[in-house]
Amino acid sequence: MSATASVESLTKNEAAQELARLLALISRANVEYHQNDEPQISDADYDALKQRNAAIEARFSDLKRHDSPTENVGAAPSDGFGKVPHAVRMLSLGNAFTDNDINEFDNSVRKFLGHQTKKLEFTAEPKIDGLSLSLRYENGTLVQAATRGDGAVGENVTANAHTIQDVPQFLKGIPNVIEVRGEVYMSHMDFEALNVRQKKDGFKPFANPRNAAAGSLRQLDASITKSRPLKFFAYAWGEISTPLADTQSGAIARLKILGFQTNPLTQICTSPTKMIAHYRNIESQRATLGYDIDGVVYKVNDLSLQRRLGFRSTTPRWAIAHKFPAELVWTTLEAIDIQVGRTGALSPVARLSSVTVGGVVVSNATLHNEDYIAGRGNKGDDIRGGKDIRIGDWVQIYRAGDVIPKIADVDLSKRPNETTPFDFPTNCPKCGSDAVREEGDVVRRCTGGLICPAQAIEKLRHFVSRAAFNIDGLGAKQIEAFYNYDQLAVKEPADIFTLQTRDLNSFTKLANRDGWGGASVKNLWQAINKKREIPLSRLIFALGIRHVGENTSNLLAIHYVTWSAFESAMTQARIGEGAVWDDLIGVDGVGVVLAASVVTTFHQSAERASIDRLVVQLRPKDAAKPTSNSPVAGKTVVFTGTLEKMTRAEAKARAESLGAKVSGSVSPKTNLLIAGPGAGLKTQKAIDLGIEIIDEDGWLVLTKDT
Ligand code: IVH
C-alpha cells in the first residue's frame with residue numbers, strides 16, 4: 001500500500017494500518033506544534049492528515065480507534081502520557097559564550113562562597129544535544145522514567161525507557177531511592193539509518209538527531225521507541241536517599257560502576273584556564289565524536305559547595321554551559337513581515353530562502369526592531385558597520401542553541417540594484433491604529449490596545465500557554481480559531497470560562513463543528529473547569545503584563561500570597577510614591593519599570609475591567625511558601641553585622657530558598673534577627689521590639705538539613 005493510496009482503494013487490513021500510521025503522524029505533529037512550538041509540517045498538511053483519517057473512519061466505522069485523532073481536538077498528545085511531578089525540579093543551565101564568561105563564572109562562585117583564594121575544582125564534560133530524562137529506581141528496580149516537561153512536572157515515559165539499552169533495569173547495592181538523570185540522544189550513524197528507514201516507509205525524515213531522539217522517546221506506543229536506537233548518558237541525579245559520593249566526579253564514577261554510560265570526556269579542572277583548554281580539546285573532537293554536542297558543562301566538583309551555592313529560579317549557581325559558537329550560513333532575504341505581539345510591539349521578521357543551519361532548516365529570522373534593520377544598535381551606535389538590511393539582500397544567518405535565528409551580516413557587494421531602505425510602518429498592519437515609539441524605546445507599538453485583533457489573539461495565546469493556564473485541548477491554534485468563531489467567540493480570557501454556559505446551545509454548536517464531536521466538547525469543558533482553580537503565580541503570569549515573566553510572577557505571588565492582597569495593592573499603588581509602591585519595589589527582583597507596568601495595567605479601565613471579568617470566573621489559589629517544613633518558612637529575617645561562615649549573598653539565597661523573606665531593616669514585621677560581630681543599631685531596635693536574635697551559628701543550626 002502506498003502512503004497516498006486513495007481511501008476508496010484500501011482493503012480493511014490496509015485501512016487499519018493506515019489509521020495507525022495517521023495517528024502516529026498526527027500525534028507527532030501535535031507534539032511539535034503544542035509542546036515544542038516548532039511545527040514541522042504545514043497547517044495544510046496537518047489538515048490533510050486529519051481529513052484522510054476521518055475519511056477512512058467514515059468508510060470503515062468499525063475500525064475507528066479508541067484513541068482516534070477525530071476525538072482529540074488537537075489536544076496536546078502529552079495527554080496520552082501520565083504526569084510525573086519531579087521530587088527535585090529538573091532545571092536548565094545558564095549559558096556562557098566567551099572565555100571571559102568562564103572567568104566571571106569562576107569569580108561569581110568564589111564571591112558567593114567567600115572563597116576568593118581557596119582551591120576550587122570543576123568538572124568539565126560535553127553538553128549532549130538530546131533531551132533530558134529522569135530515571136527513578138526504588139530498591140534497585142527502575143520504577144519510573146520521566147521527561148523534563150516544565151521542570152516541575154514531566155511526562156511518564158517509563159514503558160519507553162524500559163526499551164533503551166543504555167538504561168539499566170536494575171541496580172545493585174544502591175540506596176532505596178535514586179533518581180538518575182541524563183540525556184537521551186541518538187548517534188549520527190543511527191540517525192542516518194533511521195532516516196533511510198523513515199523515507200522508505202513513506203515517513204518524513206527527522207531534521208536532526210535531537211528531534212529524532214525526542215520523537216522516538218515520546219511515543220505513546222513503546223514498541224516504536226524500542227525500534228529506535230536511543231542511547232543515554234548519565235550526568236546528574238534528583239532525589240536520592242543516600243549520597244553517591246562527596247564530589248561530582250565521585251558520583252559520576254559510581255554511576256558508571258552501577259552500569260550507566262557516563263561521558264568519557266569528563267575531566268576535573270582546577271582553574272578557568274584549564275576549563276577553557278578542555279573546552280577547546282572537546283571542541284576539536286566534536287566532528288568525530290559520532291553524536292551531537294553543543295558545548296561543555298562545568299560543575300563545581302565539591303557537592304557540599306554545590307549545596308551551599310544552590311539555585312537561582314531556574315538555573316544552578318554551581319554549573320554553567322559553555323556553548324560552542326553558532327554555525328553561520330548565507331541566504332537571501334525574501335521579505336520582511338511585521339508581527340504584532342500581545343503588548344502591541346511591532347516585530348519585524350525576516351522571511352528567508354530556506355537554508356540548513358546547525359542541522360535545522362531555517363526560513364525565518366528575527367529582525368528585532370526598526371533601528372536594527374537600519375543598522376543602529378539600542379544606544380544609537382552602529383551595528384554591522386552601519387549596514388542596513390533590505391529585501392533582496394544576501395544575509396548571513398546564525399542560530400545559537402534553540403533560540404530564533406538571527407542575522408549576523410549583510411553582503412553589500414551582492415545587493416541587487418534598485419533596492420531601497422526598508423520603510424518601517426507607522427500604522428499597525430493588523431488594525432491600522434497608529435504605531436508609535438515612545439521616547440527612549442526602540443520598539444514601535446500599536447496603540448490599538450484591546451481593539452487590535454493581533455494583540456487580542458497574542459494575549460489569548462499567552463493566556464493558554466504552558467506556563468500560564470495550559471488548558472488541555474486549547475492550544476495556540478484552537479484559541480485563535482475560537483477568536484474568529486463568531487457563533488461562540490472568545491475575545492478575551494474571561495470568555496473561555498463562560499463558553500459552556502453563556503449560550504444554551506454551546507454544546508451542540510461546538511459538537512457540530514468540523515473536527516469536533518460530543519466527546520471533544522465534554523473534554524474541553526472538563527479541561528477548562530479544571531483550571532478555574534489556578535495558582536496565583538500562574539494567574540499573574542497569564543495576564544500578559546509587559547515585563548512580567550514567570551519568575552517575576554512567582555516573586556509577586558510569594559510576596560502578596562493571595563489574589564485579593566495583590567489586586568488591592570495594585571489598585572492602591574501610585575507610581576513612584578507611597579508605602580504600597582515602596583512595598584512593591586521592595587520585592588527582590590522587582591524593578592521600577594516592571595512595577596510601573598503592573599500598576600499601569602491595573603489603572604487602565606478597559607484592561608482592569610477585563611481582568612475583573614476573568615477573576616470572578618476563577619478561584620485563585622494562595623501562593624505556597626517555597627519550603628513549608630523549614631522553621632524559617634514564611635518568616636521575615638534580617639541579617640546584620642559580619643557573617644564569617646558565609647557571604648551575605650549566600651545567607652540571603654539560602655534564607656529565600658527556605659521560604660523566608662529577607663529584609664534590609666528591622667521593623668515590627670521582623671521575626672528574626674541574625675546578628676554577627678559588629679552589629680549595632682539594628683540589634684538595639686530588635687531588642688526594643690522584642691524580636692528574637694540569634695548569631696550566625698544559631699542560624700546554621702536552625703537551617704541545617706532543611
Ligand atoms: S547538568 C541542574 N550536564 O542541558 C542542571 N546537563 O541546557 C543539571 N545537558 O536540561 C543539568 N548535557 O538536558 C547537565 N553534561 C550535562 C548535560 C546537560 C546536556 C542538558 C540537560 C539540561 C540542558 C540545559
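The values are calculated or read from the model by the stated rules, or taken from the named source; none is laboratory data. The shown structure was predicted, so the numbers you read here are calculated from the model rather than taken from an experiment. Reconstructed Cβ throughout: ideal geometry from the backbone, glycine too, with neighbour counts over all protein chains shown.
Yes/no per residue for (1) within 15 Å of the ligand (Cβ to nearest atom); (2) more than 17 Å from residue 258 (Cβ to Cβ):
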| site | (1), (2) |
| --- | --- |
| 149 | yes, yes |
| 154 | yes, yes |
| 173 | no, no |
| 177 | no, no |
| 188 | no, yes |
| 198 | no, yes |
| 217 | yes, yes |
| 225 | no, yes |
| 240 | yes, no |
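Out of all the residues in segment 292-326, which are away from the ligand (no atom under 11 Å from the Cβ) and among the aromatic types (Phe, Trp, Tyr)?
Scanning segment 292-326 gives a single hit, 324.
Pairs please, first residue from segment 215-235 and among the aliphatic types (A, V, I, L, M), second anywhere and assigned to a helix (DSSP H, G or I) and within 14 Å of the ligand (Cβ to nearest atom), Cβ atoms under 7 Å, 6+ apart in sequence or on different chains.
Pairs found: 230/213; 230/217; 234/255.
So residue 253 ticks every box in (1) within 12 Å of the ligand (Cβ to nearest atom); (2) at pLDDT 95 or above but one. Which box is left unticked?
Failed condition: (1).
Say whether the condition of being more than 14 Å from the ligand (Cβ to nearest atom), farther than 18 Å from residue 325 by Cβ, in contact (Cβ under 8 Å) with a residue 12 or more places away in the chain and in a loop (DSSP other than H, G, I, E, B) is met by at least one residue in segment 130-146.
Of all residues in segment 130-146, those more than 14 Å from the ligand (Cβ to nearest atom) come to 136-145.
Cutting the leftovers down to farther than 18 Å from residue 325 by Cβ gives us 136-145.
Subset that is in contact (Cβ under 8 Å) with a residue 12 or more places away in the chain: 136-145.
Now drop any that are not in a loop (DSSP other than H, G, I, E, B), which leaves 139-140.
Yes: segment 130-146 contains one or more residues that are more than 14 Å from the ligand (Cβ to nearest atom), farther than 18 Å from residue 325 by Cβ, in contact (Cβ under 8 Å) with a residue 12 or more places away in the chain and in a loop (DSSP other than H, G, I, E, B).
Here is a list: 581, 516. Which entry is in a helix (DSSP H, G or I), more than 21 Å from the chain's Cα centre (by Cα), on the phi < 0 side of the Ramachandran plot and aromatic (Phe, Trp, Tyr)?
On the way: 516 fails: in a helix (DSSP H, G or I).
It is 581.
Would you mention how many residues in segment 359-411 are within 22 Å of residue 423 (Cβ to Cβ) and among the aromatic types (Phe, Trp, Tyr)?
Residues in segment 359-411 being within 22 Å of residue 423 (Cβ to Cβ) and among the aromatic types (Phe, Trp, Tyr): 2 in total.
Which is closer than 29 Å to residue 694 by Cβ and surrounded by fewer than 18 Cβ atoms within 10 Å (Cβ to Cβ), of 574, 648? Don't jump to the end; show me each part of the working.
On the way: 574 fails: closer than 29 Å to residue 694 by Cβ.
Going through 574, 648 in turn, just one is closer than 29 Å to residue 694 by Cβ and surrounded by fewer than 18 Cβ atoms within 10 Å (Cβ to Cβ): 648.
Scan segment 407-423 and tell me whether some residue there is of a type outside the set (A, V, I, L, M) and closer than 28 Å to residue 593 by Cβ.
No, because not a single residue in segment 407-423 is of a type outside the set (A, V, I, L, M) and closer than 28 Å to residue 593 by Cβ.
Inspect segment 154-171 for any residue being farther than 20 Å from residue 252 by Cα, at pLDDT below 90 and surrounded by fewer than 22 Cβ atoms within 10 Å (Cβ to Cβ) and give the result as yes or no.
No, that holds for no residue.
Among all residue pairs at least 6 apart or on different chains, which show Cβ distances below 9 Å where the first residue, located in segment 260-274, is touching a residue at least 40 places away in the same chain (Cβ under 8 Å) and the second is more than 14 Å from the ligand (Cβ to nearest atom) and polar (S, T, N, Q)?
If the second residue must be more than 14 Å from the ligand (Cβ to nearest atom) and polar (S, T, N, Q), the pairs left are 265/281; 265/285; 267/281; 268/247; 272/103; 272/107.
Consider residue 219 against the criteria (1) part of a helix (DSSP H, G or I); (2) of a type in the set (S, T, N, Q); (3) at pLDDT below 95: it satisfies all of them except one. Which criterion is unmet?
Unmet condition: (1).
Pull up segment 105-131, narrow it to residues that are surrounded by fewer than 21 Cβ atoms within 10 Å (Cβ to Cβ) and among the small types (Gly, Ala, Ser), then point me to the one that is farthest from residue 272 (Cα to Cα).
Ranking the candidates gives 114 first.
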